[in-house]
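Heads up: the structure comes next, in structure tokens.
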Amino acid sequence: MKAFSFAAPRFESEVLELLGETWGQSEILAGGTDLVGLMRQMIVAPERVVYLGNVAEYRGIEADSAGVRIGAMSTLDDLADSAALAPYAAVTQAIRGINSMQLQAQGTLGGELCQRPRCWFFRNGHGLLADRGRLVAEGDNRYHAILGNDGPAKFVHPSRVAPALVALGAQVRLAGPTAEDETILPIEYFFRIPRDESERETMLLPSQVLTHLMLPAVDGVASATYEVRQGAGPDYPLAAAAAALRFDGPYVREARIVLGHAAPMPWRSAAAERAMIGLPVTPETVKAAGEAAVAAATPLASNRYKVQLARVSVERALLMAAGLETGGF
Ligand SMILES: Cc1cc2nc3c(=O)[nH]c(=O)nc-3n(C[C@H](O)[C@H](O)[C@H](O)COP(=O)(O)OP(=O)(O)OC[C@H]3O[C@@H](n4cnc5c(N)ncnc54)[C@H](O)[C@@H]3O)c2cc1C
């Protein structure tokens, strides 16, 4: 690990003064479950680490008639245990899927959303885009993207909770670069697919911090997350989907369907959403939505199997959101 200076500010204005203008000058430390490993392996080597744990305003979950506001330093356990979040089933199901007491107790919401990809080319020092995608295209790509992979980014976005938050129409608050700067952004537009090594997987600048997440009031929306996992341990899913549905009687009036671990960002499928509008949730309609979700998939040499898993994830997330049996396990 490269030597670095450590700062533990107490107020947002101090946080912003400590953040650098370019990546490499500083990194934010939340629970540390991802950042510490990245620093030990010298994948990131900041001059300064800015710890957010002493900023009181970044903790806590507040609910009112408009929805729920969550501080970025709230732990995943805080979210899973919160009565305010119980109606947002897609979120709590995704957190429980992490299946690790340690990660849920230590990992924070901000860290979960900003964690870096698990791509083994990136983690082994070949850069986020692994030689403009060449290493992934020619190498072992069994866990890589099947959608949104036409550019150099071929990793899958690692966050488990992000697809649920996109489906539910959450917003994030970003602070910085100066104390006067505040950006409220639909979380859907917070994530992006980087085109070159100067970009990361989110819109966050090195001089900004993600401070809060806002969920709109549930207001009759039913949601669910379904993941296809290799096993029961703390490991990332092979494919996942989150669905948020608003009904008009038995018919779907609004649908937001988001695939996880399928693309370099949480992947909203307009085609799957269109396939559900005006129809009831039945085994036949969800099958059509699942097929629509993966119709444009472009699997790599070793991950064609993920197309089927993504399709099934969409089907089962829809069935679960409607309170129906998935037929799976
Ligand atoms: C062994 C292992 C297994 C794992 N398995 C899973 C799994 O199965 N499923 C899963 O979903 N996750 C898994 N994870 C990832 C884990 O969920 C995340 O590492 C955790 O949620 C990150 O939270 P943290 O607070 O520890 O983040 P940190 O490690 O502190 O930070 C992670 C990244 O986010 C940035 N960051 C953190 N907070 C902010 C903020 N507020 N604003 C801006 N940037 C910020 C940091 O700079 C850093 O780049 C695993 C991690 C490990 C180490």
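Read the figures in this text as sums done on the coordinates, not as results from a lab. These numbers come from a predicted model, not from an experiment. Every residue, glycine as well, gets a Cβ built from its backbone with ideal geometry; the counts of neighbours run over all protein chains shown.
Couple of notes before you dig in:
- Here the 3J(HN,Hα) profile of the range 278-287, calculated from phi with Karplus coefficients 6.51, -1.76 and 1.60 at θ = phi - 60°, is x, 10, x, 8, 9, x, 6, 5, 5, 5 Hz, Gly and Pro shown as x.
- HN-Hα J in Hz across the range 43-53 - Karplus 6.51, -1.76, 1.60, θ = phi - 60°, x for Gly and Pro: 6, 10, 9, x, 6, 9, 10, 10, 8, 9, x
- Lysines whose Cα lies under 30 Å from that of residue 2, excluding same-chain neighbours fewer than 8 positions away: 154
- Among 130-141, 256-267, the order from most to least packed when residues are scored by Cβ within 10 Å on average: 256-267, 130-141
- Anchor residue 287: aspartates and glutamates whose Cα lies under 17 Å away (excluding residues fewer than 8 positions away in-chain): 227, 273, 315, 325
- In sequence order, the range 224-237 has phi-based couplings of 7, 10, 10, 10, 9, 10, 6, x, 9, x, x, 9, 7, x Hz under the Karplus curve 6.51 cos²θ - 1.76 cosθ + 1.60, θ = phi - 60°, and Gly or Pro positions carry x.
- Cα gyration tensor shape for the range 89-149, rounded if a/c is under 1.5, else prolate or oblate: prolate
- Evaluated with a Cβ-only charge set (Lys, Arg +1; Asp, Glu -1), the range 127-274 carries a dipole of roughly 360 debye about its Cα centre, given to the nearest 20.
- Its alpha carbons give the range 1-116 an Rg and a Dmax of 15.3, 47 Å.
- Averaging the sequence gap over all C-alpha pairs within less than 8 Å and six or more residues apart, then dividing by the number of residues, gives the chain a relative contact order of 17 percent.
- Cα extents of the range 1-67 along the three principal axes, largest first (Å): 46, 24, 19
- Packing-based ranking, highest mean first, of 237-248, 154-165 given that Cβ atoms within 10 Å are counted: 154-165, 237-248
- When all alpha carbon pairs of the range 139-233 are counted in 10 Å bins from zero, the resulting P(r) reads 13, 36, 34, 16, 2 %.
- For residue 25, the residues whose amide H sits under 5 Å from its own are 47, ignoring neighbours fewer than 5 places away on the same chain, with H placed 1.01 Å from N.
- Choice from 284, 254, 112 showing the highest fluctuation, given a GNM over the chain with Cα pairs closer than 10 Å: 284
- Residue (of 288, 249, 317) at the positive-pole extreme of the range 212-325, dipole from beta-carbon charges: 288
- Applying the criteria of a DSSP loop state and at most 11 other Cβ atoms within 10 Å to the chymotrypsin sites (Phe, Trp or Tyr not before Pro) of the range 1-48 yields no site.
- Highest-first arrangement of 189-199, 56-66, where packing means the average Cβ count within 10 Å: 189-199, 56-66
- Between residue 179 and residue 2, the simple label model (points 7 Å from Cα in the Cβ direction) yields a spacing of 3.0 nm.
- On the principal axes of its alpha carbon atoms, the chain extends 58, 51, 33 Å, with the longest extent given first.
- Spin-label pair residue 298/residue 14, simplified geometry with 7 Å Cα→Cβ offset, distance in nm: 4.8 nm
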